[in-house]
Each structure stands twice: as structure tokens, then as C-alpha cells.
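First the structure, in the form of C-alpha cells, and then the observations on it.
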Amino acid sequence: MFKKILVPVDGSSNSWKALDTAKGLASKFGGELIVLHVVQTYSSANLYLSGGSDISLTSENRQLSHIGSRVLETARDRMSDFHGRVRFIMEVGHASDKVVDVAREEEVDSIVIGSRGLRGVKEFLLGSVSSEVSQHSPVPVLIVKEPDPG
Amino acid sequence: MFKKIMVPVDGSVTSWKALEKAKALAELCHGDLVVAHVVLTYSNAELYVQEAGGDILDVERTTMKKLGTHVLDTAKSKMEGFSGKVEYVMEVGQPASQILNLAEKHEVTDIVIGCRGLGGIEEFLLGSVSSKVAQHAKVPVLIVK
């Protein structure tokens, strides 16, 4: 275990904590890391509801991909002192589905994920990405907790 | 990390998988283990609804405790050969909240838990014990598949 770890990052402080934890575990167990950012784009259906145009959709999605690249750059910086193998992947789609897909494709042996991402209230109502991932993942999932606010 | 791991066991296959994983991690990290079993008993309110007598409640509780002891005995036999320290604890109450209480009381560094226990349909409808624990624990939670 912890020989090939998948870490999804969304730019939230909790996801950076997960990355630090995964880095520590990979160093300790001699494992490699795959850092994944999932860009959640707007679909045509969303667009239809909001009455926007195709042009605004494309520019919105371009903006989100741009943010995604920034998130992975930050991840790269944080991983600069890691001596093992690490790869950075960006995918487009539904967050928890993509995380599980990549876990299967890359045949990782574990996933390390923050308990709560950037979705806030929506997560509270619909259940967090981490709980969806832990339910559908083929491999063990380590859920890393938010640092205590106090 | 993995210096003092709590593993809740309910006798289900995934809970034994969690125990194996926790044992291996504790060996690698020179950590200790706390193996916990929560006995789910019937409450007085349930009894009231079912119009049963107090005697039945006591009998039920005794049986559940006996089962719990059996689960922990099985855990003990699975932990043979482990070089660290192991504590076995049994509590009565709601699994998720008792697991969280015990984690704080024993000041564990992590919790290793099976993704699905013996809860079956109820777990499916209300969310599993493991996801409740993962959501509310103050320490990292490893969910074993």
C-alpha cells in the first residue's frame, strides 16, 4: 500500500493538506504519486437553463482550464522537495467520477483526498466529493481532515 | 501518522480486511492499535413501540454483548504475531458516534475502517458508518474496500 497514490487537488486548503500527507506517505513507503485536477466544465444543459450562448460557454470553460493549470503549478511547487516519481494530470468532467476513473486506469493502490473541497454548501447538501470517491473507489481511500480552525 | 490506529470491527468481512490493513500499517510504522467493537442495543423507545417487556430488553442486550465478545475474540486471534501494543474495547450505543468518542478518548492518530459493515439496507439508505466517521473524525480516516 501507498506504492502508487492518487491525490486529487482542487486548490482548497484541505486538498493541499492531502497533498502534503500523500507526499509524506510516498516518501516513507517508497511510492510514486499522481496528482490530479478535475476541471468541472459547464455542460450544454447548464447553458440551456441559464440562457447563455455557445461563446460564453467556451470562454468559461477556457477560464476553468486556465485555473486548473494554475492549481497544478502550485501542486508542482509543493512537490519540489519530493524525490520519488510524480505525474500531474488534468481531466475534464464530473469530479468524483473522474477521480475513480483515473484510479482504475492508472491502477493506483490508494487515494488520498481532503475531506472537504471548494464546493461548500453544495457539498453539505449533496455529500462531499470525498465520500462519493470513498464509496465508489476500487482501492482504499485515506480521507485527510481540515486543520482545526481554533 | 499510524502511531496509534483505531480499528472498529463489527464482524463483517470488510472489518476484518480493515484490521489486516491496520495491523500491517502499524507494523511498518511501529504503531499501536485500538480495536473497538460497538454493541448496538435496543433503546427503551424502541421497546415502547414494540410493547415488549423490560426482560426482553435485558436478554437482547446480554446476547448482543456475548456476540461482541466473540467478535473481539476473533480480532484477538487475527492479531497474533503483532509486535506492538493492542487494546480491545467494547462500547454500547450508536456505532458512528461511539467510534468518534473512543477515537478522542484514546487519542488515536488515525482510524482505519471497512467501507461497509453489517448495516446492509439501512446503511445504503442512511449512509454508511464509515462515511459518518470520515465526515466527523478529527483525525485522518482510511476507508478500506
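The values are calculated or read from the model by the stated rules, or taken from the named source; none is laboratory data. A quick note: this is a predicted structure, and the numbers were derived from the prediction, not measured. All Cβ positions, even for glycine, are placed from backbone atoms using ideal geometry, and neighbour counts span all protein chains on display.
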- What about A:Ser15, is it out of contact with any Ser or Thr (no Cβ under 8 Å at 6 or more places or on another chain) and either at pLDDT 95 or above or exposed (fewer than 13 other Cβ atoms within 10 Å of the Cβ) (or both)? no
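Residues are listed down the side, and each one gets a yes or a no for (1) in contact with a Lys or Arg (Cβ under 8 Å, 6 or more places away or on another chain); (2) of a type in the set (Val, Ile, Thr); (3) not in a helix (DSSP H, G or I):
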position	(1), (2), (3)
B:Gly68	no, no, no
B:Val89	no, yes, yes
B:Ala96	yes, no, no
B:Ile99	no, yes, no
B:Glu104	yes, no, no
B:Glu107	yes, no, yes
- Does B:Ala36 satisfy the condition of being among the small types (Gly, Ala, Ser) and modelled with pLDDT of 95 or more? yes
- Kindly check whether there is at least one residue in the stretch B:118-133 that is at pLDDT 85 or above and assigned to a loop (DSSP other than H, G, I, E, B). no
- Check on A:Asn46, touching a Lys or Arg at 6+ places or on another chain (Cβ under 8 Å) and at pLDDT below 95: no
- Query: Just checking, how many residues over the stretch B:70-87 are exposed (fewer than 14 other Cβ atoms within 10 Å of the Cβ), part of a loop (DSSP other than H, G, I, E, B) and in contact (Cβ under 8 Å) with a residue 12 or more places away in the chain?
  - Reply: 2
- So which residues in the stretch A:66-110 are touching a residue at least 60 places away in the same chain (Cβ under 8 Å) and in contact with a Ser or Thr (Cβ under 7 Å, 6 or more places away or on another chain), if there are any at all? A:Ala103
